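Below is one structure. I have some questions about it.
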Amino acid sequence: MSDKRLSVGRVLRAGTQGFVFGCEALQPEIPKFGTFVRADGVAPGSAIYGLIYDVSLEDDLFARHFIGADTPEEVVRDQRVNRQVPIEVSVLAVGCGDRETILHCLPPQPPVTLDWLYQCTDEEVRTFTSRLDYFQLILGARQVPTDELLVASIRNAAEARTEREGEMFLVDAGRELARMLAGDPLRLEGLLRRLRAA
Amino acid sequence: MTLELSRLAEQMREMGQELATREEEYAKLIAQARQWLAQYADRGEQLRHPARAFHAAIPTDDPLDAQHSLPGVPERFTFIAADGAEIQPDSHEMAYYYLINVGALVYRHGSGQTPEAHSQPTIGYTESDLYDHDQLVSGNLLDIKRDLTEITRLADLCAAEPAEATTIAVVDGTLILWTLRDTPPAYQRAKALDYVRQLDRIRETGAVVAAFISRPRRGEVMRLLHLANEGSEVKQANEKPNPLRHLPDYAVFEMLPPGARSALFVSPASINHDHYAPVHTIHFFYLNVAAEGVPPAIARVEVPAWVADDAERLALVHGAIVAQARITGDYPYALVRADELAFISSPEREAFDDMVVSSLVRAGVPTALSPKKFFKTLTRQGKRKFR
């Protein structure tokens, strides 16, 4: 469990269904697939919640030059730390809210370009995942590895709780999935198996 | 597209043939030049005086055909490279200004540390920025200002290094302010003095300084060989056409073994002798930075006299430049990065122009492009048809 609020990057492109942000370097914890993130909405006090579903490094001709070569450590560090090779991170929007309520729906407006994006604190994750309606937004998303994202987000939500609360959360999540995917037993079985392995 | 590539096809074919023919002719001339280099190798002393009068490379005590193999370098040394870019002032823009951006990389060999990347932009917009000795700062004069900004940045970064560090500072291009040639004598003197002061600052820090020129086109050694073949007689050499006049020096030095450098020469530029001498007289040598088993990559390296006259400092320049070049293959890594840090891309230029407009609007200054510039912005963006 962690309650620190980490900035993970700035918004590059955004729409109501999701957004892409850029960050300069990979860090041990961020950005990570399935992480809950939060951006400030345009209205004061409003927030947009999302899940990271893709982390990609842009191609770079100069960096390619050093692949396979006996590259000095100084060059590797220069390429990783100093050079502006942005890491693009895609986020699926799964909710929005104000100071009092959180809704599991697409936000009415996207975040603004170059706004900071933060990793949700454990408390924010617990609050957001106190209901599981956002599962529907993930299952309905296109061009997103939905099942993997669902499993990763459930794991992250369980880790944001105490061990006992986390176990209870996993059971509740399994029940919700069983209800939503009652007509697709094969997919449900795959999801539950992956959750058990978590 | 207004460049009708189809109309160039025939010219391209002819160009290919012409270059192939020239290659054969040049190969014979290169063989001739190498023969003269060996034949007159020990005539350095005899050639020294006439070489300056003939604007040819001035020999030092080295035999002309000397080859100095790659020396060892310290386990740890700091390589600082700087390069500059500029936006020239444009009377068609909304305001008259220029921008100089100097990029620099401080690379600590053998440290495993992340190199320090620096980028320092400066806008020139005041009367004193825009006019220097009553001359408008643009074109060549802005180039001089950029060169001065680069060497000053290098001197600043050298001064920031610990006194005990082994440091080499390198500029991309030349240490000689060639563009001063066409300026009035007082201006020339003042600018050369400014430049030399920065070389002094670098020297005082204990660092060494050099300039690196990739694939240089200069032909001063070719002039020297012609002079040598004419018995060191300047009048005779002037009267007879030099068969090597179209050959660049580097072609002759492609026989240097990997990592080796040529003899040292002194640049015959009058600016060098009028303003840099004696402490900073610019010397140069040619260097094959390529590794074993790959085609030669010849560069021209310039150093001031206080480096050229000190075997240890000269070996450091030689070894450090090769070590840096071998990182990429044949060009110093830190210079590639300094160029990248200085470069002003099109999107950056657009963003900069937007900032200029915003600041002018905030200050209540009317903003308008000249009619010529305005219509160029309409015709040069996203054009799909040319008729």
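Computed from the coordinates by the stated procedures, all read-outs in this text should not be read as laboratory data. Bear in mind that the values here come from a model prediction, so they are computed numbers and not experimental data. FYI the Cβ positions are ideal-geometry reconstructions off the backbone, even for glycines, and counts take in every protein chain you see.
Over the Cα atoms of the range B:66-165, what is the Rg over Rh ratio if Rh follows Kirkwood?
1.13
How do A:L132, A:L12 rank when sorted from fewest to most other Cβ atoms within 10 Å of their own Cβ?
Placing the least packed residue first, the sequence is A:L12, A:L132.
Across the range B:1-121, how large is the tail of the calculated P(r) beyond 19 Å, expressed as a percent of all Cα pairs?
Of all Cα-Cα pairs in the range B:1-121, 77 percent lie more than 19 Å apart.
Once the Cα atoms of helix B:185-205 and of chain B are each reduced to a long axis, what angle between those two axes, in degrees from 0 to 90 to the nearest 10, is obtained?
70
Further question on the same structure: For the range A:110-176, restrict the atom set to alpha-carbon positions and state the Rg and Dmax in Å.
Gyration radius and largest Cα-Cα distance of the range A:110-176: 13.2, 40 Å.
When you have a sec, figure out the Kirkwood radius of the range A:155-198 from all distinct Cα pair distances and drop it here in Å to one decimal?
Value: 10.8 Å, from the Cα pair sum.
I would also like to ask the following. For chain B, find the longest principal axis of its Cα atoms and tell me its angle to the long axis of helix B:220-229, 0 to 90°, nearest 10.
Result, in degrees: 30.
Determine, for B:R313, A:R38, the number of other Cβ atoms within 10 Å of each Cβ, and report the residues in order from fewest to most.
Ordered by Cβ neighbours within 10 Å, fewest first: B:R313, A:R38.
Classify the range B:136-229: rounded, prolate or oblate, from the alpha-carbon gyration tensor (a ≥ b ≥ c, eigenvalue square roots; a/c under 1.5 rounded; otherwise prolate if a/b is larger than b/c)?
Taking the square roots of the gyration eigenvalues as a ≥ b ≥ c, the range B:136-229 is oblate.
Direction-averaged shadow area of the convex hull around the Cα atoms of the protein assembly as shown, nm²?
Approximately 37.5 nm², given one-decimal rounding.
In addition: Could you list log10 I(q)/I(0) for chain A at q = 0.09, 0.16, 0.19 Å⁻¹, which the Debye formula gives when each Cα is one point scatterer?
Values, matching the q order: -0.38, -1.02, -1.29.
Out of residues 5 or more away from B:Y97 or on other chains, whose amide H comes under 5 Å of its own, with H placed 1.01 Å from N in the peptide plane?
B:D90
How about the range B:177-234: which trypsin sites (Lys or Arg not before Pro) there lie in a loop by DSSP and see at most 11 other Cβ atoms within 10 Å?
Here the sparse-neighbourhood loop sites are B:R217.
Something else now. Mind telling me which of A:E100, A:E159, A:E148 comes out most flexible in a GNM of chain A, alpha-carbon contacts under 10 Å?
A:E100
In terms of the Cα gyration tensor, with a ≥ b ≥ c the square roots of its eigenvalues, is the range B:41-91 rounded because a/c is under 1.5, prolate because a/b exceeds b/c, or oblate?
oblate
Relative to the longest principal axis of the C-alpha atoms of chain B, give the angle of the C-alpha long axis of helix B:346-362, reported between 0 and 90° and rounded to the nearest 10°.
Roughly 40 degrees, rounded to the nearest 10.
Could you check how many percent of all C-alpha pairs in the range B:177-326 are farther apart than 23 Å?
In whole percent, the share of Cα-Cα pairs in the range B:177-326 beyond 23 Å is 45.
What value in Å³ per residue do you get for the convex hull of the alpha-carbon atoms in the range B:150-193?
Here the figure is 80 Å³ per residue.
Let me ask something else about it. Going by C-beta contacts inside 10 Å, put B:I80, A:I102, B:I202, B:I100 in order with the fewest on the left.
The most exposed by this proxy come first: A:I102, B:I100, B:I202, B:I80.
Which of the GluC sites (Glu not before Pro) found in the range B:24-124 are loop residues per DSSP with 11 or fewer other Cβ atoms within 10 Å of their Cβ?
Sites meeting the loop and neighbour criteria: B:E75.
Using only the Cα atoms, work out Rg/Rh for chain B, with Rh taken as the Kirkwood radius, to two decimals.
1.01
Another question, then. Over all alpha-carbon pairs in the range A:77-117, figure out the percentage whose distance exceeds 11 Å.
The proportion of pairs with Cα distances above 11 Å equals 77 percent.
Could you please state, rounded to a whole Å, how far the C-alpha centre of the range B:191-269 is from the C-alpha centre of the range B:1-68?
Each part's Cα centre sits 13 Å from the other's.
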